[in-house]
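What follows is a set of notes on a single structure, which appears directly below.
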Amino acid sequence: MILGTVKGTVYSTRKMEHLVGYKFLLVEPMYGNKKELIVAGDTLGAGVGELVLVTTDETVQHGLDHPSPIDAFIVGIVDNPPVMGK
Amino acid sequence: MILGTVKGTVYSTRKMEHLVGYKFLLVEPMYGNKKELIVAGDTLGAGVGELVLVTTDETVQHGLDHPSPIDAFIVGIVDNPPVMGK
Amino acid sequence: MILGTVKGTVYSTRKMEHLVGYKFLLVEPMYGNKKELIVAGDTLGAGVGELVLVTTDETVQHGLDHPSPIDAFIVGIVDNPPVMGK
Amino acid sequence: MILGTVKGTVYSTRKMEHLVGYKFLLVEPMYGNKKELIVAGDTLGAGVGELVLVTTDETVQHGLDHPSPIDAFIVGIVDNPPVMGK
Amino acid sequence: MILGTVKGTVYSTRKMEHLVGYKFLLVEPMYGNKKELIVAGDTLGAGVGELVLVTTDETVQHGLDHPSPIDAFIVGIVDNPPVMGK
């Protein structure tokens, strides 16, 4: 999984019906290329500025209540930025 | 998922039968390397210049009516470019 | 999916039995890093120099007649290089 | 799989229920871009500084006792850094 | 799939039970970034210096006799380096 910071919300009116009911957030990776923002589904209520844990690909499905074409999802809100060496 | 802009259409006459009936669009990533265009299936009717939300890999299958060897699909047309911090 | 150009053939005598019967072609990505060639299975009869559409990962399986450890496959031969903006 | 070094622990109180019971470690890739740290689940008890083998994507599920939205997991603790050519 | 050269062996005593019985080899990609070595399972008996074909992600499972958390596997040993244009 990757750690990232929530930067905003993505709104889509015309979308596949399977996506209805999920909120989609723009997430900036904490490590690596910060310019490669991704869009992740959210049901935990993460807010702008919060550090989150994002899972990707087919593993997302194990956190949904019905299969949906979504390849990134917020699975946790991180308590504090990790401290190296602990 | 990634956000991207529709740049054109890809036509293929000789293709696997499972792909018949889908439209394939060329999508330029909004974030990261804009030169790494991908080809995504579409059933929402996205047009050139529109900003779309693309899901990848096996998760695509959950948006299709029958399994098909397609690893990128447009799942939403974005209303407006996301505003950072909101 | 990615667009790529067929550059050659890969021959393997010692291989898993599941791979017997498939042809494997070397494909150069059209967009992004052209040096990152991949090997994709083929049943459409694509030839050297042709532009092809390649699907990846588990989605490959939906185009095979039996499951096989293959993560890239040619699903279409493209009629013409895509024209931007159309 | 990738080889990586455990650098720290990631704590998340607000998380999906499927993640309860797993420990999450920050792992620095040994090869490639060391700045692209990932977060991997762990049940082997890997400690900070240890070299580990990490599997990704849906394959993680085959090492869990119940499906969970986790896309990276430590599957082995490496005895010694690999010696090239042996 | 990618082509790569076997560079060494990875030993892990403390590992998930699902990995017992497989050999794990360090593979250097032939194309792209040679520094991004990966670890792939092997049952074909590939040796150091041999050129191999590696499949990734969930597709690995189709080459195993039981599901295992392994995301890269050697599926073929290549006869000769591919010749461009043939």
Roughly speaking, what is the centre-to-centre gap between the stretch D:50-74 and the stretch A:51-71 when only Cα atoms are used, to the nearest Å?
-> 14
Just which residues of the stretch D:57-76 lose 20 Å² or more accessible area with every protein chain there, against their chain alone, with the probe set to 1.4 Å?
-> D:ASP57, D:GLU58, D:THR59, D:HIS62, D:GLY63, D:PRO67, D:PRO69, D:ASP71, D:VAL75
Probe 1.4 Å, accessible area per residue of the stretch D:2-77, Å² = 37
Interface burial for C against B (accessible surface, 1.4 Å probe, total of both chains, Å², rounded to 100) = 2400
Expressed in square angstrom to the nearest 10, the accessible area of D:LYS23 with a 1.4 Å probe stands at 100
Overall form of the stretch D:3-86 per C-alpha gyration tensor (a/c, 1.5; a/b vs b/c) = prolate
Hey, what did chain E get for relative contact order, percent, Cα under 8 Å, at least 6 apart?
-> 30
Considering only chain E, what is the antiparallel percent among its DSSP beta bridges, to the nearest 5?
-> 95
Note down the net charge around A:PRO82, summing +1 for each Lys or Arg and -1 for each Asp or Glu among other residues with Cβ under 12 Å from its Cβ.
-> 0
Inter-copy spacing of B:GLY45 label points, which lie 7 Å from Cα along Cα→Cβ, given in nm from shortest upward | 3.8, 3.8, 6.1, 6.1
Peptide E:7-20: average number of partner chain Cβ atoms within 10 Å per residue?
-> 6
So if we plug the beta-carbon distance of A:LYS34 and B:TYR22 into 1/(1 + (r/R0)^6) with R0 = 22 Å, what FRET efficiency do we get, rounded to 0.05?
-> 0.05
Answer rounded, prolate or oblate for the protein assembly as shown, using the Cα gyration tensor with square roots of eigenvalues a ≥ b ≥ c: rounded when a/c is under 1.5, else prolate when a/b is larger than b/c, else oblate.
-> oblate
Which value, in debye to the nearest 20, describes the size of the charge dipole of the protein assembly as shown about its Cα centre when Lys and Arg Cβ atoms bear +1, Asp and Glu Cβ atoms bear -1, and nothing else is charged?
-> 1340
Percent of accessible area on the stretch C:2-77 owned by carbon and sulfur, 1.4 Å probe?
-> 52
Antiparallel bridge percentage (DSSP; both residues within the protein assembly as shown; nearest 5) | 95
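The values are calculated or read from the model by the stated rules, or taken from the named source; none is laboratory data. Note that the structure is a prediction, hence the values are computed from the model and not measured. Backbone-built Cβ (ideal geometry, glycine too); neighbour counts: all protein chains shown. Please note that ligands, DNA and RNA were not included when accessible areas were found on the heavy atoms of the full protein model with its side chains. Shrake-Rupley method; radii C 1.70, N 1.55, O 1.52, S 1.80 Å.
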